[in-house]
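See below for the structure under consideration.
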Amino acid sequence: MKKEIVNKLMNSVMNCDTEGAVKTAEEALKAGVDPVEAIEEGLAKGIKIIGDRFGAGEAFLTELMIAAQAMKQAMAILEPAISKRAKTAKKALAKVMIGTVEGDIHDIGKTIVTTMLTVEGFDVIDLGVDIPVETFIKKTKQEKPDIIGMSALMTITMLKMADVIKALKKEGLRRKVKVMVGGAPTSKEWAEIIKRADKDLLP
């Protein structure tokens with residue numbers, strides 16, 4: 001029964017069925033399905049499949065956008081249960097501040113990461129999307145996070161990640177935080193490259 005519900009969540013996203021995704025998310029909670037499993041094995045798998053189809057030229061951008069909206073609305077149903085669980089946890093493992101860099105308004109991947117970190121016991125501050133370098137620096141000074149996460153979906157905007165690292169270095173904050181980067185165009189190689197951003201070694 002629970003496996004069927006999880007599969008329905010995956011198929012709802014794959015089929016761009018927002019109403020179906022929301023109803024199935026509600027059904028999942030009533031049936032006692034682990035909300036984290038519902039996201040990881042259902043919603044996230046569905047968006048990955050249609051994302052792969054889009055990358056292969058087998059799906060249109062509008063389909064990907066509608067699927068993302070279906071996932072987002074279904075996650076809104078599941079997140080309160082995850083937040084409730086997180087509140088019963090002990091002291092936060094670390095404080096994580098996360099945001100999508102300037103010029104980019106995509107947040108599905110960031111939302112998934114934020115949710116997963118929260119349920120695992122991290123104190124997460126979500127800055128939102130289209131966040132300029134200055135805001136990352138200002139919030140770092142105010143919130144004093146242990147980790148800064150940056151997300152981007154486009155190769156053009158991911159260059160802003162390097163700008164944030166340079167600014168952290170300039171403000172004397174770089175050694176005080178760890179930095180994570182993520183998003184479709186990023187890779188382990190890209191992470192290694194921008195680690196050297198404060199030395200102006202970008203290609």
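Computed from the coordinates by the stated procedures, all read-outs in this text should not be read as laboratory data. None of the values given here were measured: they were computed from a predicted structure. A quick note on method: Cβ atoms are made from the backbone with ideal geometry, for glycine too, and the neighbour counts reach across all protein chains shown.
Scan the range 130-203 for GluC sites (Glu not before Pro) in coil per DSSP, keeping those whose Cβ has at most 13 other Cβ atoms within 10 Å, and list them by number.
Working: sites: E134, E143, E171, E189, E192; in loops: E171.
Those that pass, being in a loop and sparsely packed, are E171.
Please report, in cubic angstrom per residue, the volume enclosed by the convex hull of the alpha-carbon atoms of the range 2-87.
On the way: hull volume 6.3 nm³, N = 86.
Dividing the Cα hull volume of the range 2-87 by its residues yields 73 Å³.
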Next on the checklist: Can you compute the radius of gyration and Dmax for the range 62-162, using only the Cα atoms, both in Å?
Outcome noted: 14.3, 42
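To make sure I understand, if each residue's beta carbon is the centre and we count other beta carbons within 10 Å, what order do I165, I82, I148 fall in, fewest to most? Don't jump to the answer; show the numbers that get you there.
On the way: I165 23, I82 19, I148 28.
Exposure proxy ranking, most exposed first: I82, I165, I148.
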Next on the checklist: With Rg and Dmax of the Cα atoms in Å as the read-out, I listed [x] 19.5, 67; [y] 16.3, 48; [z] 18.0, 55; which label goes with the value calculated from this structure?
Outcome noted: [z]
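So how do I66, I108 line up by other beta-carbon neighbours within 10 Å, fewest first?
Numbers: I66 17, I108 21.
The most exposed by this proxy come first: I66, I108.
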Item to check | Per-residue Cβ neighbour rank within 10 angstrom, fewest leading, R196, R174, R53 | outcome: R196, R53, R174
Checklist entry - In nanometres, what is the gap between the two model label sites at E189 and L93, each 7 Å from Cα along Cα-to-Cβ? => result 3.0 nm
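Step through the table entries K170/K195; K144/K169; K141/K178; K3/K84, compare each Cα-Cα distance with 18 Å, and write down the pairs that go over it.
Details: K170/K195 14 Å; K144/K169 15 Å; K141/K178 14 Å; K3/K84 23 Å.
As for pairs spanning more than 18 Å Cα to Cα, those are K3/K84.
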